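The values are calculated or read from the model by the stated rules, or taken from the named source; none is laboratory data. Worth saying up front: this structure is predicted, and the values here are computed from it rather than measured. All Cβ positions, even for glycine, are placed from backbone atoms using ideal geometry, and neighbour counts span all protein chains on display. Remember, those area values only see protein heavy atoms, side chains included, never the ligands or the DNA or RNA. Shrake-Rupley method; radii C 1.70, N 1.55, O 1.52, S 1.80 Å.
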Amino acid sequence: MLCQAASKMAIKVIVLDPSENCPASALAYDHMVGSFDDSATVEEFAKRCGVLTVETEHVDVATLEKLEQQGIDCEPKASTIRIIQDKYLQKVHFSRHGIPLPEFMEINNLEETKRAGELYGYPLMIKGKRLAYDGRGNAVAKSEGELSSAIDGVHMVIVTWDWRILGGFGRGLYVEKWAPFIKELAVIVARGRDNSILCYPVVETIHKENICHIVKAPADVPWRIRKLANDVAYKAISSLEGAGVFAVELFLTRDGQILLNEVAPRPHNSGHHTIESCYTSQFEQHLRAVVGLPLGDPSMKTPAAIMYNLLGEDEGEPGFKVAHQLIARALEIPGATAHWYDKPEMRRQRKMGHITLVGPSVGVLEARRKSMLREEGYENRNEVAPRVGIVMGSDSDLPVMKDAARILNMFGVSTEVRIVSAHRTPELMYSYASSARERGIQVIIAGAGGAAHLPGMVASLTPLPVIGVPVRASTLDGIDSLLSIVQMPRGVPVATVAVNNATNAGLLAVRMLGVGDADLLARMNQYQEDTRDYVLTKAEKLRKDGWEAYLNQ
């Protein structure tokens with residue numbers, strides 16, 4: 001994916017990889033076959049590069065330090081790689097810089113591990129210092145009695161995957177106090193050569209068996225939490241050296257704290273969605289950063305995105321077949337893009353690709369994801385999500401409110417019409433208003449007569465714009481409704497239109513949506529031109545025929 005981004009920027013990428021048919025070999029300017037653990041190979045490779053960067057932190061950092069002394073341009077710096085590739089050293093570094101972390105301590109034997117359990121309580125997280133990722137090198141002990149089996153279990157993981165992942169106490173273990181998190185968050189941070197730093201929107205990552213399965217962007221957390229997460233990520237990366245993209249993994253705790261989990265000095269799985277969802281993908285951003293180009297805009301160009309990892313469901317050919325079937329289903333879904341990594345060997349739980357869905361809200365995309373996976377109850381959820389919600393307290397308001405629906409239909413704006421009474425069904429009103437944004441609603445039109453509480457109550461429950469339509473009641477000719485809607489207290493804004501004028505409410509909703517929709521804006525401009533032409537035509541007819549003939553037609 002770095003090579004794909006580089007091809008658009010006239011940047012030539014040479015790849016060092018031990019596999020002769022590695023996925024990047026078909027896209028790179030050149031591919032040198034060799035191990036990035038071998039010092040002589042890395043030195044030979046570095047001589048061919050204007051800038052040397054990494055796609056994994058598990059490299060020979062001593063060689064990188066030596067190359068820097070020889071004048072080779074390494075980004076990020078070897079000092080950063082050294083800190084990050086040892087997770088215990090990483091924790092020590094960030095602790096010294098005042099970054100909030102779960103409590104941690106080094107352990108060298110079972111007795112020290114038991115003391116850590118007494119100090120921190122259970123469950124207790126046991127981690128390897130080096131060469132641990134995708135759940136490998138982590139073990140959880142739920143009680144002191146499980147410490148030995150948990151550590152033995154770690155050794156079993158080593159035998160299954162790679163003996164270097166932990167290697168027992170002799171190769172370095174540490175423990176962390178269990179973080180009572182309610183969500184796992186992540187922030188992709190870009191740092192330029194001039195030390196400028198930009199943060200991408202905070203995302204939520206969902207893991208199964210310590211492997212990332214789903215990324216939701218933006219994270220469904222309050223703005224205060226997003227700002228706190230960005231602040232922690234910014235401070236963490238400011239403490240490191242060198243340019244590039246960094247992934248900062250975080251815990252959100254029950255009491256609203258943000259704790260740093262880990263940092264990766266490279267493009268990361270939690271940022272893959274940026275290819276489709278952001279103005280500058282994390283891959284383009286990494287290249288911009290390391291070669292010294294200006295950093296790009298990290299903001300999202302779509303309201304929401306979900307990234308789903310394609311993990312191996314089976315070994316070999318059966319696994320490929322399942323993955324290809326899922327890709328085919330994904331391509332039936334609006335806003336879906338499939339990425340296949342072209343890894344030659346299929347293994348269970350191996351990351352083989354990913355699918356990104358973009359659309360109006362995370363809630364809408366979650367329904368589409370479940371439809372793609374054929375989860376129960378989501379077989380046919382590809383319908384167009386409504387952009388405008390029209391609500392009213394009674395069906396007696398429908399003869400007026402139908403005009404808003406007709407206008408929106410004329411402009412091709414998807415709409416839903418619901419009866420939601422502020423007085424008779426307050427629970428339904430609360431549920432509707434508080435869930436509207438998540439379901440993809442962008443504007444709410446609320447009609448109300450009499451006391452006209454519905455528009456204001458809805459506006460107090462949602463950050464979406466609300467347009468109130470005063471409906472003429474049997475008394476006071478609708479003036480009471482109008483005055484009620486415009487008397488909202490400070491902090492609860494509600495727009496309004498003339499009494500019974502739901503047509504204008506629909507048109508105002510179209511104009512609001514048109515701010516971010518060029519097609520709607522063009523259609524509104526055409527509507528205004530057609531309205532002007534209609535009036536001019538009538539004016540000309542009146543001038544030619546005279547008022548008596550005009551009235552008698």
Counting pairs of alpha carbon atoms under 8 Å apart in space and at least six apart in sequence, what relative contact order in percent does segment 466-510 give?
48
Computed P(r) (all Cα pairs; segment 476-551; 5 Å bins; percent)
3, 12, 13, 13, 14, 12, 15, 9, 5, 2, 1
Overall dimensions of segment 206-270 as given by Cα atoms, namely Rg and Dmax in Å:
12.4, 34
Long-range amide H partners of CYS74, meaning residues 5 or more apart or on another chain whose placed amide H is closer than 5 Å, are LEU52
Tell me, what ³J(HN,Hα) does each residue in segment 175-184 have, in order and in whole Hz, if you take phi through Karplus 6.51 cos²θ - 1.76 cosθ + 1.60 with θ = phi - 60° and put x for Gly and Pro?
10, 10, 5, 4, 8, x, 7, 9, 8, 9
Rounded if a/c under 1.5, otherwise prolate or oblate - segment 4-153, Cα gyration tensor axes:
prolate
C-alpha long axis of helix 223-238 to longest principal axis of the chain, angle in °:
30
Are there chymotrypsin sites (Phe, Trp or Tyr not before Pro) in segment 21-100 that DSSP puts in a loop and that have at most 12 other Cβ atoms within 10 Å, and which ones?
TYR29
Explain nothing, just compute: Karplus ³J(HN,Hα) = 6.51 cos²θ - 1.76 cosθ + 1.60, θ = phi - 60°, for every residue of segment 338-345 in order, whole Hz, x for Gly and Pro.
9, 10, 10, 7, 6, 6, x, 10
How much accessible area per residue does the chain have, in Å², with a 1.4 Å probe?
48
Over its alpha-carbon atoms, segment 330-489 yields an Rg and a Dmax in Å of 20.6, 76
Exposed trypsin sites (Lys or Arg not before Pro) absent: longest stretch of the chain, with sites in DSSP loops and at most 11 other Cβ within 10 Å deemed exposed:
49-253
With runs of 4+ DSSP H residues as the only contributors, calculate the mean residue ellipticity of the chain at 222 nm using -39,500 (n - 2.57) per run, divided by the residue total and rounded to the nearest 500.
-11500 deg cm²/dmol
Sorted by accessible area (1.4 Å probe), largest first, how do SER299, SER474 line up?
SER474, SER299
Excluding residues fewer than 8 positions from LYS301 in its own chain, the lysines with Cα under 22 Å of it are LYS8, LYS216, LYS227
Between 0 and 90°, nearest 10: helix 282-291 axis offset from the chain longest Cα axis
60
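Which GluC sites (Glu not before Pro) in segment 195-290 sit in a loop by DSSP (not H, G, I, E or B) and have at most 16 other Cβ atoms within 10 Å of their own Cβ? Walk me through the intermediate numbers first.
Numbers: sites: GLU204, GLU209, GLU241, GLU249, GLU262, GLU276, GLU284; in loops: GLU209, GLU241.
The qualifying sites are GLU209, GLU241.
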Helix 87-96: angle to the longest alpha-carbon principal axis of the chain, degrees 0 to 90, nearest 10?
70
Can you give me the C-alpha center-to-center distance between segment 2-67 and segment 253-327, rounded to a whole angstrom?
21
Taking the Cα centre as origin and putting +1 on Lys and Arg beta-carbons and -1 on Asp and Glu beta-carbons, what dipole magnitude results for the chain, to the nearest 20 debye?
1060
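Rounded to the nearest 20 Debye, what is the dipole magnitude of segment 267-318 about its Cα centre when Lys and Arg each give +1 and Asp and Glu each give -1 at the C-beta? Walk me through the numbers on the way to the answer.
Numbers: 2 positive and 7 negative charges, 104 e Å.
My answer is approximately 500 debye.
On average, how much area does the Cα convex hull of segment 414-506 cover when viewed from any direction, in nm²? Working shown, then result.
Working: hull surface 22.7 nm².
Approximately 5.7 nm², given one-decimal rounding.
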Translational D in µm²/s for the chain (Stokes-Einstein at 20 °C, 1.002 mPa s, Kirkwood Rh from C-alpha pairs)
79
Give the lysines whose C-alpha is closer than 21 Å to that of LYS129, dropping any in the same chain fewer than 8 places away, or say none.
LYS77, LYS87, LYS91, LYS114, LYS142, LYS177
Could you tell me which residue out of ILE355, LEU124, LEU295 lies farthest along the dipole of the chain toward its positive end? Charges go on the beta carbon: Lys and Arg +1, Asp and Glu -1, centred on the Cα centre.
LEU295
Tell me, what is the 1.4 Å probe accessible area of MET512, in Å² to the nearest 10?
60
Cα centre as origin, Lys/Arg/Asp/Glu Cβ charges: segment 397-544 dipole, Debye:
280
